Amino acid sequence: MNQDIGKQYDKDYRTDRSGFLARARWHQSAFRARKLAVPFDDYGNYLQQADAEKGFNFYDDFDIFKAVKDRYPNYSKPLYANMLRSEHIPFNLFIPFMTDYKYAVNVFNVMLNGTIGSIDRIKIEYAPSPSSKYLNDRTSFDACIWYTHVNGKKGVIGVEVKYTEHDYPLKAGSTEEGKIEDRQSIYYKTALHCGLFDPEHFNKLASDRFRQIWRNQLLGERMLIVDPEKYNHFHSLTIYPEGNLHFVEASKDYLQLLISNNLKFLPVTYESFLQACQRFLPDQRFQKWIDYLRERYIVDQLSDD
């Protein structure tokens with residue numbers, strides 16, 4: 001039985017004038033009401049705690065919710081209950097690949113032009129440690145994929161998953177602010193060492209528009225610098241909906257700030273990612289997963305059945 005769509009947030013258009021945020025909130029509210037058939041909490045895109053603790057924010061197969069509980073055993077409302085925020089999405093997107101690495105190779109080779117020989121490991125929410133050896137901050141990948149290149153060398157794909165997010169304002173007094181303002185910080189030293197960026201673009205790269213994309217790139221490049229015996233290749237992959245016009249434009253503009261790309265930064269939409277997943281479909285179990293992802297995250301693609 002369908003539930004009430006629930007309360008929407010009337011200030012969404014102030015945050016995103018394109019309307020995507022409002023449409024995405026309604027979409028998640030409708031998915032909860034029509035597909036999960038459970039009541040809302042606060043706003044339509046929130047599960048009530050009892051349902052959230054049953055794992056309703058996650059796809060019900062591939063032990064996805066078990067992986068969530070193993071990593072985050074204590075209840076967290078943003079992760080467990082908020083269907084709109086992106087924290088939960090990496091689990092739904094990447095845990096299934098851990099059951100079929102051959103499938104994962106086929107899918108990610110679409111993005112890396114066939115350079116992956118094998119995928120060796122996938123981890124949700126990863127930052128190399130100790131952080132003091134790398135960027136000495138809290139930068140992490142939403143997912144990290146370790147692979148062996150066709151040339152036999154090792155590589156890493158650092159994944160950032162977005163849904164409705166836009167810019168991230170720099171917090172006054174934060175560790176990040178200190179590193180951004182100090183041109184001798186590890187951020188700028190890494191940016192100079194890796195050779196991907198013209199110093200004339202540093203002000204743009206450090207801006208709210210690009211800073212998070214840049215930091216993820218810098219973390220991976222720092223891994224190559226610190227651990228050359230372990231890693232020879234790094235790729236920063238950002239996945240976002242094609243309706244999120246901020247990331248459509250920011251990704252395109254960020255590419256223009258790279259001296260050369262050579263698969264270093266890979267902007268990929270949910271739509272094209274799911275097309276690749278469909279192309280190499282192993283079986284009907286994965287088909288059901290893809291169908292879920294389309295209905296769950298592709299705004300305006302929710303069926304009425």
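Compute the separation of the alpha-carbon centres of segment 17-34 and segment 179-253 and state it in Å as a whole number.
Each part's Cα centre sits 31 Å from the other's.
Solvent-accessible area per residue for segment 151-266 at a 1.4 Å probe radius, Å²?
Here the per-residue accessible area is 44 Å².
Please compare each pair in Lys66/Lys230; Lys179/Lys252; Lys7/Lys264; Lys11/Lys123 to a cut-off of 32 Å on the Cα-Cα distance and tell me which ones are over it.
Violating the 32 Å limit, Cα to Cα: Lys7/Lys264; Lys11/Lys123.
Hey, what's the Cα Rg ratio for segment 247-305 versus the globular rule of thumb, 2.2 N^0.38 Å?
Normalised by 2.2 N^0.38 Å, the Cα Rg of segment 247-305 equals 1.48.
Report the Cα-based extents of segment 41-116 along its three principal axes, largest first, to the nearest Å.
Answer, in whole Å and largest first: 46, 22, 17 Å.
Between Pro169, Leu219, Gly19, whose Cα lies farthest towards the positive end of the dipole of the chain when Lys and Arg beta carbons carry +1 and Asp and Glu beta carbons carry -1, centred on the Cα centre?
Of the candidates, Leu219 comes out farthest on the positive side.
In segment 1-151, carbon and sulfur make up what percent of the accessible area (probe 1.4 Å)?
46 percent
Relative contact order for the chain: what percent, with Cα pairs under 8 Å and sequence separation of 6 or more?
15 percent
Per residue, how much accessible area does segment 17-97 have with a 1.4 Å probe, in Å²?
41 Å²
The values are calculated or read from the model by the stated rules, or taken from the named source; none is laboratory data. Keep in mind that this is a model prediction, so the values were computed, not measured. Note: ideal-geometry Cβ built from the backbone for every residue, glycine included; neighbour counts use all protein chains shown. All accessible areas refer to the heavy atoms of the entire protein, side chains included, with ligands and DNA or RNA removed. Shrake-Rupley method; radii C 1.70, N 1.55, O 1.52, S 1.80 Å.
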